[in-house]
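Contents: one structure, followed by commentary.
Coordinate-derived values only; no laboratory data. Keep in mind that this is a model prediction, so the values were computed, not measured. No Cβ is skipped: glycine too gets one built from the backbone with ideal geometry, and neighbour counts run over all protein chains shown.
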Amino acid sequence: MKFSFFVNAASAMLLVKAAVAFAPQGVQSTGRSNRSFHNVDSFEHPIGNVRLQSSSSSSTDEKLAEFQEKASEFFENLGNSIQYRYGLFSSALKEYNFKQSMAITIAGDDYDSEQVQQEIRSIVDSNPCVMFIWESSPSCKKAIQAFDRMGDVTVKIVRLDDPWSEGNKMRAELGKMTGKPSVPSVWIGGEYVGGYDAGVSDQAPGLVTMAFQGTLRPKLQEAGALQ
């Protein structure tokens, strides 16, 4: 499976990076055979900021044991996290497409799906026009600029990247509700109308298509989004 390959590759990269990061900062190959830990005054590890001193071999052994314990715990947690996410993805892929399955995997399953959907429904029902966005997304920026050029549109912006921990859940549920987890997710009059330049159906074709069809402004007018 394609995703399995990426997971294995990502795992390997994380392990290599972690191994490099855990290596003592002051210990490098110098070509001198008498180089050893006891020749180093001190060095730090990223796990627990463990500092090894050359004051005594017993102290060094204790610090090394502490470091090894923390490193073992780190790698165990890393492996469990990868296994957990892969399980989420495999389960989601049985029902959804790749992109939606990824959104579900990123969001995790430690939240109330129904509650998040109710929150989304409350937002779109209480505002004439709503856009769920990522601030750095090029398509989101274009959608915001398009509404700005219209000049008289009231749009509620909901950022899914502030914070990510909540936005990821909302994005996964938006995908379940609309069939499209991409941003921006644009709603007018409580109805999903697509993204910026793409949608999911003739009824939700996206802002660009609606503008060319001449249906965007009437839709906004009907919803009360035009000032």
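For LEU207, LEU78, which order do you get if you count the other beta carbons within 10 Å of each Cβ and list the fewest first?
LEU78, LEU207
Could you please report the charge total around LEU226, scoring K, R as +1 and D, E as -1 over all other residues with beta-carbon less than 12 angstrom from its beta-carbon? My count for the surroundings of LEU226 gives 0.
Ranked by Cβ crowding within 10 angstrom, fewest neighbours first, how are TRP187, TRP134, TRP164 ordered? The partial results should precede the final answer.
Working: TRP187 28, TRP134 19, TRP164 14.
Ranking TRP187, TRP134, TRP164 by Cβ neighbours within 10 Å, fewest first, gives TRP164, TRP134, TRP187.
The alpha carbon centroids of the range 161-227 and the range 87-144 are separated by 12 Å.
Provide VAL183, VAL155 in ascending order of the number of other Cβ atoms located within 10 Å of each residue's Cβ, fewest first. Present the calculation step by step, with values, prior to reporting the outcome.
Values: VAL183 23, VAL155 18.
Fewest to most other Cβ atoms nearby, the residues stand as VAL155, VAL183.
One equal scatterer on each Cα of the range 112-223, no solvent, Debye formula: the resulting log10 I(q)/I(0) at q = 0.10, 0.20, 0.24 Å⁻¹ is -0.25, -1.05, -1.53.
Between the residues PRO184, ASN127, TYR196, the greatest Cα displacement towards the positive end of the dipole of the range 112-223, with unit charges on the Cβ of Lys, Arg, Asp and Glu, is found for TYR196.
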